[in-house]
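Reviewing the structure listed below.
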Amino acid sequence: MREIINISINDIKPARDDVLKTQGVPAGSKLSGNVKTLFKKAMALFIECVHPVGIISEISIPEFNIVYAGEGLNEKSTPLDAIIKKADNLVLFALTIGENVTEKINELFKTNEFALGTMLDAVASVGTDNSADCVEKHFTNVLRKKGKITLSSGTVRYSTGYCGWHMSGQKKLFGFLHPENIGIMLLDSYLMKPLKSISGVIVVGEKEIHRFKDSYPFCSDCKTHSCRKRIKALFDAPESHNKEM
């Protein structure tokens, strides 16, 4: 199965608290009128500029092992080493919210509108993560319609550059998936263009296969520990990954 997914802007609109959290503002904080105005302007620009789209392609475990090996630069031991062996279904994915929003952010910084540029950058980052959630849910729904999802199933995405998967893994991922079909280019640095893009693998299997401690040597260098939130959600809301979008 290979599919290009058109993502609805309405499904990825960032919540204000999620955006401000990335800027160090605790949820529920009392906000000044200026902050509220900046967020409102940033959201309007986001909606005007964003063009979210994703691509997925199912991949077998042997095929993924080749992709995952990349250029041989992964950490010696990673969570995916064990997780993949127990997976029921795998799909490579890539998504982007488009180049226009990045161009707008750069334009704002060039014209010294730093506050609005920073706010739009935060909105775009959360919107990109929300897009990844949509792609993950879409694949889960595809599997459920085929009868391959149960209440004990867990769906979690893992991205290159995280969890010991070296960024150079992008090269073989792109060779298999071809995200250029949705306008994503791979730079020599292994970063993607547009900048607001995410790629990786979505792993479906028994929830327990995703349970691991963030005690690997590279975990101390991670700035987000976002895997903790996604894995915790599997066990806090058992049916959440089996609901339709």
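The values are calculated or read from the model by the stated rules, or taken from the named source; none is laboratory data. Note that this is a predicted model, so its numbers are computed, not measured. For neighbour counting, all protein chains shown are included, and Cβ atoms are generated from backbone atoms with ideal geometry for every residue, glycine included.
Here GLY117 fulfils each of the conditions (1) surrounded by 13 or more Cβ atoms within 10 Å (Cβ to Cβ); (2) not in a helix (DSSP H, G or I) apart from (2).
Here is a yes/no grid of residues against (1) on the phi > 0 side of the Ramachandran plot; (2) over 13 Å from the mean Cα position of the chain (by Cα); (3) of a type outside the set (Asp, Glu):
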site	(1), (2), (3)
SER125	no, no, yes
CYS134	no, no, yes
VAL142	no, yes, yes
LYS145	no, yes, yes
ILE149	no, yes, yes
TRP165	no, yes, yes
HIS178	yes, yes, yes
MET185	no, yes, yes
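A quick yes/no check of all residues on (1) surrounded by 16 or more Cβ atoms within 10 Å (Cβ to Cβ); (2) among the aliphatic types (A, V, I, L, M):
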position: GLU107; (1), (2): no, no
position: THR140; (1), (2): yes, no
position: LEU143; (1), (2): yes, yes
position: ILE149; (1), (2): yes, yes
position: SER153; (1), (2): yes, no
position: SER159; (1), (2): yes, no
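Looking at this structure, is ALA132 within 21 Å of ILE4 (Cα to Cα) and of a type in the set (Gly, Ala, Ser)? So ALA132 passes the test. The helices (runs of 4 or more DSSP H) falling completely within the stretch 1-99 that include 1 or more residues that are in contact with a Phe, Trp or Tyr (Cβ under 9 Å, 6 or more places away or on another chain) and under 24 Å from MET192 (Cβ atoms) map to 16-21, 61-69, 79-83.
Can you tell me which residue is nearest to VAL142 (Cα to Cα) among those in the stretch 209-230 that are of a type outside the set (S, T, N, Q), assigned to a helix (DSSP H, G or I) and at pLDDT below 95? Among those residues, the one meeting the criterion is ARG230. Beta carbons closer than 6 Å, at least 6 apart along the sequence or on distinct chains, never pair a first residue in the stretch 116-136 that is closer than 14 Å to PRO52 by Cβ and free of Cβ contacts under 8 Å to residues at least 24 places away in the same chain with a second that is charged (D, E, K, R) and in a helix (DSSP H, G or I).
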